[in-house]
1. What figure, in Å² to the nearest 10, do you get for the accessible area of B:Met181 with a 1.4 Å probe and non-protein molecules left out?
2. Can you tally the net charge around B:Asp114? Count Lys and Arg as +1, Asp and Glu as -1, for every other residue whose Cβ sits under 10 Å from the Cβ of B:Asp114.
3. Between A:Asn202 and A:Phe338, what length in nm is gained on full extension when 0.36 nm per residue of separation is reduced by their alpha carbon distance?
4. With the full set of protein chains in place, find how many percent of the accessible area of region A:351-410 is carbon and sulfur; take the probe as 1.4 Å.
5. Determine the order of B:Asp19, B:Asp157 by accessible area, beginning with the largest, at a probe radius of 1.4 Å.
6. At a probe of 1.4 Å, how much accessible area disappears from chains A and B on forming the pair, both sides counted, to the nearest 100 Å²?
7. Arrange the residues B:Asp111, B:Asp56 by how much accessible surface each exposes, largest first, with a 1.4 angstrom probe.
8. Give the dimensionless ratio obtained when the Cα radius of gyration of region B:1-101 is divided by 2.2 N^0.38 Å.
Amino acid sequence: METYQAEYDKDGFLPETFWKTPQRAVPGRPLQRIAENEVMSGSSYQQFQASVNDAWDLGDDEIISGISETKISKAISHTVALNVINSHRNSTKNDHKPDAKLDGNSVKSSQEEVVSLKKSEVRKTGSVSGPLRHYPGRPRPVRPSALIPREESSESKLERFQQVLESSVLDLDELKQLSWSGIPVKARAVTWRLLAGYLPANAERRREILERKRADYKHLVRQYYDAEREEETYRQIHIDIPRMSPLVALFQQITVQVMFERILYIWAIRHPASGYVQGINDLVTPFFMVFLQEAAPEKELDNFPLDTLSEELRDTIEADSFWCLSKFLDSIQDNYIFAQLGIQYKVNQLKELIRRVDLSLHEHLQSHGVDYLQFSFRWMNNLLTREIPLPCTIRLWDTYLAESDGFATFQLYVCAAFLLHWRERLLRERDFQGLMILLQNVPTQNWTDSNISMLVAEAYRLKFAFADAPNHLHNAGKSDR
Amino acid sequence: MGTREDEYDYLFKVVLIGDSGVGKSSLLSRFTRNEFNLESKSTIGVEFATRSIEVDGKTIKAQIWDTAGQERYRAITSAYYRGAVGALLVYDIAKHLSYENVERWLRELRDHADQNILIMLVGNKSDLRHLRSITTEEAKAFAETNGLSFIETSALDSTNVEPAFQNILTEIYRIVSQKQMRDPPEVLPVNTNCPIKYVEENKRKTTQDNHSLTCCQQHDAISSWTVTNSA
């Protein structure tokens, strides 16, 4: 990670110079300057515009002209900067003061990354073939140091969380900004409750609300679970729970399974439009683990005997998991309604997005008969919980919960970033079978938080590039040449 | 999967369908990887695996689509029936409801699959003798009436898993090779670039060693082909 930081320092980026020399190369992106020149010169601007007329609506020339003058709107640059700073903080060793200079650096680099993303699209969508196979902003290869958990940076981060969390009226925006790049273990449970909208921002009301909600949940258990149950729903949940995490002893305990069963059954009965859909069970697990971690700090959780916790603590874990899951699922309920229309829609968006940003990968998949639904359905349905290790899912959800406009949209970009992450391997596969097997079994066993930080940073860049131009994702087919 | 996976004479797409929890994924992992996980995770949407077998000196590659059993997934999974030449319709011999639902699954296939699809009824979990709730005779009779092949398997102790897949693939192969005898240029609606080759009809010999099978239709695959065809 030091190397990573050193690259930045060596290039001597200073906030002042950035604004004047936007065409400066971005570390690790050697071909930047070429792209810069193409866009900067007047004649190649025409070329540029012609080459991307399918990619950019007229309304987007704000962004395009912004490339030459670097007049990206302040609000946008601010958010991008903050997020990239956050991800940098998380993915680099935090051995320097979080001062203005760092912010300046990150502002600049984030700007350039965004700009370079635009240009890479120019090349890709405009079929301006060149040696630029590298996808700007793509997660860099994992360096050995990235595999070492970076708890050392969490001390100062935890302090910042504590400051925010202890203020009498919570600054939710600040909490989101802090959380986006990952939440320290000690602050996670309470932060998740706040971000999920389960706990109120007003600190004085929290205790009262928690008590009421936990009592409400007990009431729901009596009303629905302890009463006569809807057979089909119960049967399906009952089949699925024992096989959720078959290799983890924690989840083989009857106590735990019954907790999951109640949470899922009550949620399903209270949401008849979707009911229980296989996969939702996997979405309880992160909440459960985070609240268990809070109740049993410093314990090895994989084998943790839940019966050693007091009944009160167990009830708390269960009730809080239930309410947070409910809040969390509110924004994605269309994923689970009849015909799973929400997912079908997002799969189409994913396809269109990949076609825009990585035509060669898209064509590779298409030419071998791989349909996006075949592999990304599970990604969307289970929010990638089946594709990455549980600790990574929890880290990913820090970001999901902190996404200001809800994670439903953001998840699309995460899936896109996830697919792009495997592009080189995918391009090496020569047939349908090879592609499908890889896509269903992507090797993420050794992934750590830093992989997730890179994944969400990439997702953020994609979102930034496309969020202001939603038509790009909607005009699938129309703009085809 | 150390062999050259891309060398094969035939590519057949087969789907695994049936209620949730009857053991579709376990049958698949037993057949393709010879593995059994006592508690494998529920299948979300569809999952894919492949294995090649030899029939009459020809390499047949089975492209097997394992589908989620839950009703809610029907809209997604039915899309995968298209192009399938075979279906293993699985129920759990210890769960009567999963057997009752076989008719629904047959309707599902009739509505979405190729009309010539070959269907094998599979009673899985035959190791659960003490919990059995559907007799072999009952299921066999049902299969006969509906023109299906039938076999009982146990993915757990491997009983009949190999023969189940072998048998349906062999049957498909016979039909395809006979069809090719009649109309050589015909290409099966399998996957893209399906390299179906012309083969001479090889009077069925291998079926005779299928002694362990309880297959009611294997003596005349073509008749079952025709039955489903006219249904």
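The values are calculated or read from the model by the stated rules, or taken from the named source; none is laboratory data. Keep in mind that this is a model prediction, so the values were computed, not measured. Quick reminder, even Gly has a Cβ in these numbers, built from the backbone with ideal geometry, and neighbours come from all protein chains shown. In case anyone asks, the SASA skips ligands and DNA or RNA and just uses the protein heavy atoms, side chains included. Shrake-Rupley method; radii C 1.70, N 1.55, O 1.52, S 1.80 Å.
1. Looks like 80 Å² after rounding.
2. Charge balance in the 10 Å sphere: +2.
3. Roughly 45.1 nm would be gained on extension.
4. In region A:351-410, the share of accessible area belonging to carbon and sulfur is 52 percent.
5. Highest to lowest solvent-accessible surface, that is B:Asp157, B:Asp19.
6. Looking at A and B, the buried total is near 2700 Å².
7. Ranked list, largest accessible area first: B:Asp111, B:Asp56.
8. Normalised Cα radius of gyration, region B:1-101: 1.12.
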